[in-house]
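The values are calculated or read from the model by the stated rules, or taken from the named source; none is laboratory data. Here the structure is a predicted model, which means the values were calculated and not measured. Heads up, the Cβs are rebuilt from the backbone with ideal geometry, glycines too, and the neighbour counts pull from every protein chain shown. Calculation scope for accessible area: heavy atoms of the full protein, side chains included, ligands and nucleic acids excluded. Shrake-Rupley method; radii C 1.70, N 1.55, O 1.52, S 1.80 Å.
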Amino acid sequence: MTRPLGDRLTLAPARRTPIEPAETCSGRISSGTAADRTLSVDGRPELTVRDIRWRNGERDIRMHLPDVLPEMPRALAKLHDRRRAGVHRTDDGRTWMTAWSVLPGDGDWPKWRRPTGIGELGTLCGADRLRVVHDHGVVAIGSKEALLEDTGRTRRQLCALLDEDVEAAPAVLYAVTRLVPVLRHIGWL
């Protein structure tokens, strides 16, 4: 099912792709399977959001670099295969990922932006698009302390709880929190 992510932006259903052994987020080598979803912005080149489930149990999301890169602004081109997001599970089986954003920095290099609250995240992504993620499997967004009962040094960082039954939820959250701020920066949205 195609998922509308607000005005002019959609995420297409996944195509499965086997992944040869490569480095996971933790630095281990593993093979796996990717679910590639096409992110479409009216009148612009399509982007691929790749959700990889590694055989070693890890999972991450990234913008996939195609064999032929269409012409696009440098800030967006530099995001391909960079700034991936890990998808994690708690000991009690809940699925979550950080609710960070990416913004172009020096030389258009994609830099992490760790919003301090929902309001700042909404400013970066667009409050309307942030509301849409809840229609696609994002159960809640809040601090790690509030949602995961994390009392460690990262307890104030934003994260999102995901509905395990909605396979596209991590890709939707990645598209809205990581890609939309860059698309807004370059004037595509």
- prompt: For region 1-87, what's the relative contact order in percent, using C-alpha pairs closer than 8 Å and at least 6 residues apart?
  reply: 21
Radius of gyration, Dmax [the chain; alpha carbons; angstrom]: 15.6, 45
task: Return the carbon/sulfur percentage of the accessible area of the chain, one whole number, probe 1.4 Å, all protein chains in place.
output: 46
- prompt: What residues have an amide H closer than 5 Å to that of T48, excluding those fewer than 5 places away on the same chain, when H is modeled at 1.01 Å from N in the peptide plane?
  reply: L39, H64
- prompt: What is the list of residues in region 152-189 whose amide nitrogen lies under 19 Å from a point 7 angstrom out from the Cα of R74, following Cα to Cβ?
  reply: 182-188
- request: Using the heavy atoms of the protein chains and a 1.4 angstrom probe, tell me the accessible area per residue for region 1-74 in square angstrom.
  value: 56
- line: Expressed as a whole-number percentage, the relative contact order of the chain with C-alpha contacts under 8 angstrom and at least six residues apart is 18
